[in-house]
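The values are calculated or read from the model by the stated rules, or taken from the named source; none is laboratory data. Model, not experiment: these values are computed from the prediction. As a convention, Cβ positions derive from the backbone with ideal geometry for all residues, glycine included, and neighbour counts pool all protein chains shown.
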Amino acid sequence: MAASTEDADRHTGGARGEHHERDRLSVPQGLAALSLDALASVAYGPEAIVVVLAVAGSHGLGFTLPVTLAIVVLLAALTFSYRQVIAAFPNGGGAYAVAGRHLGRRVSLIAAASLIIDYVLNVAVSVSAGVAALTSAFPALYGERVLLCVVVLALITAVNLYGVAESANVMIAPTVVFIAAIAAVVLVGLLRTHPANQPTHPAASATSTVGALLLLRAFASGCSALTGVEAIANAVPTFRTPRVKRAQWTEVGLGALLGAMLIGLSLLIGKFHVAPSSTKTVLAQLAEASLGHNFGFYLVQFATVVLLALAANTSFGGMPVLASLLARDNHLPHVFWLRADRQVYRYGVMVLAAIALVLLIVSKGDTQKLVPVFAIGVFIGFTLSQAGMVRHWRLEGGPGWRSRAVLNGIGAVLTIVALVIELVSKFHEGGWLVFLAVAVLVALFETVHRTYSRIGTALHLGEVPAHPQARRSLVVVPVGAVNLLTQEAISAALSLGDEVRALTVVHPEDTEARSADEVRQAWNAWQPDVPLTVLHSRTRSLTRPIVDYLRCVGAEDEHDRLVVLIPEMQLPRPWQRLLQNQRGSVLDRAIRRNTDAVVCRLRFPIELNG
């Protein structure tokens, strides 16, 4: 499958193919465009572990490294699993594609719905968290946090609408700065004998029993750092040729960077005895302990702010591709399958931005109102993807299939454990909303799919149609006056049908209106060789007389098809089009709703002098 896809890409050839390849992602661009969610999660993932373990006092905080290592083991399993997913499903889709092939269509819809929810929440959480970090540094901006969220979201959306590769280039520099800053914190901190600045936080209680449930809760909370791992597998089609190899290397690079940062930060947490603080994040405490309260400290904070804001780009890279695959399979409107000139799924980007905007406004830019349900959706996708890949290896066979299946099986067990703990601990904090949203999305997918199935049946898709036959058509043209637009409309109608009739509506009770005689005189003076029927409307309705006439004509059964041609002006400038009376739209809706006539709206360009 991968080979056929890339062979097709190589044979597209020419300047157009080269232009499209330039608009796609390289490995560094892929890391920048699709990995920011996962990489930026080190700003809150380790802190989530510390917050839970702090309940058990200083003894509990000593388990930060073991819990982190367990998360890194899960990260490694997910990384190698999605590396295989990329090879098996080069057209993208991740959990949706895996579940669709091996677990059934409806299970795949659950996976797709959960991933879409996670993508949307990632945008809202990333933007609000970035703005929150900014307002923490500049408290005077706190009152404008919602406006700042809207501005940041608008900028990210605009960059993504411009083009995937271009947006990735914008993200490369901040990503490199952030990775270098975290690396500096870890390396300098590990080499220091004593902290440059002693972390200030409430003293942890001496000791307390650390039970398995507490460790599992810490593990589940820390797994928030794994959101975004699947985005690369979802967006394989956005990579340059060879797509599979580039996407696989990007996935491995993400896993290695994220794992190294998580382990390094957890080592520093234990070394500097960092505990939760209401005034300073864990990452800020580590940066201060490693580098001191200087330029390096502020650089780390600034890089974190930028990365949290830009982490939303992961969703803009993955969700539109997933939506395009759903549209391809008739589960979303086909408009989501369309790509703009720069290989951008424009409608997916715009819908994602719109929903995220609603969440930001409803939550008033408060990250804590969004975080409780953040990671639930992605773990549903993780579990289904892992389970689907186990079945994939059993069906495919081949050398080493058992070891691959065991790896995916372990990943499935780990992710479902994390999912259950997430659901139990966060159900009353809004976790139930995820269930409701998944159910609504799956119902939407099914409704769209049934509608497309009925459309396909009506169009006899897959069948060879009968031989085309000429049909006797009557074309009716509603006109308002004798002018250039009327002349163009009658000319077009004469080329479309066997018989053409013109209609106009007059209002006898209006003293300023034209009389029926005046209309007929103007028509006869023009002599278009097309009969004109004058309809009277005592209620000043434009549509009712025309609809009644069309019903009467349709009942005569003298023609095989009745066509209504509605002429409209196409003015050169958008603001000039606001001056039009929208008569065509009104007629169109009334005729389609009340008759079986075929409506044809023709827009004729009109040049304005001066």
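Numbers at a glance
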item: Residues that are surrounded by fewer than 10 Cβ atoms within 10 Å (Cβ to Cβ) and β-branched (Val, Ile, Thr), drawn from the stretch 447-493; result: VAL464
item: Residue that is farthest from VAL98 (Cα to Cα) [pool: residues in the stretch 359-384 that are among the charged types (D, E, K, R) and at pLDDT below 80]; result: ASP366
item: Elements of type helices (runs of 4 or more DSSP H) contained in the stretch 30-87, each with 3 or more residues being surrounded by fewer than 20 Cβ atoms within 10 Å (Cβ to Cβ); result: 57-61
item: Pairs with Cβ under 9 Å, 6+ apart, first in the stretch 556-577 and in contact (Cβ under 8 Å) with a residue 40 or more places away in the chain and not assigned by TED's automatic domain parsing to the domain that holds VAL500, second surrounded by fewer than 15 Cβ atoms within 10 Å (Cβ to Cβ) and in a helix (DSSP H, G or I); result: none
item: Given (1) within 30 Å of ALA590 (Cα to Cα); (2) under 30 Å from the mean Cα position of the chain (by Cα); (3) modelled with pLDDT under 85, number of the condition ALA481 does not satisfy; result: (2)
item: Unique match (being at pLDDT 85 or above, touching a His at 6+ places or on another chain (Cβ under 9 Å) and buried (at least 23 other Cβ atoms within 10 Å of the Cβ)) among ALA323, ALA387, ALA356; result: ALA387
item: Selection count where residues are among the aromatic types (Phe, Trp, Tyr) and either more than 17 Å from GLY411 (Cα to Cα) or surrounded by fewer than 19 Cβ atoms within 10 Å (Cβ to Cβ) (or both), scope the stretch 211-256; result: 2
item: The listed residue being in contact with a Ser or Thr (Cβ under 8 Å, 6 or more places away or on another chain) and at pLDDT below 85, out of THR314, THR281, THR304; result: THR314
item: The stretch 421-446 - residue that is of a type in the set (D, E, K, R) and at pLDDT below 80 and, of those, surrounded by the most Cβ atoms within 10 Å (Cβ to Cβ); result: GLU422
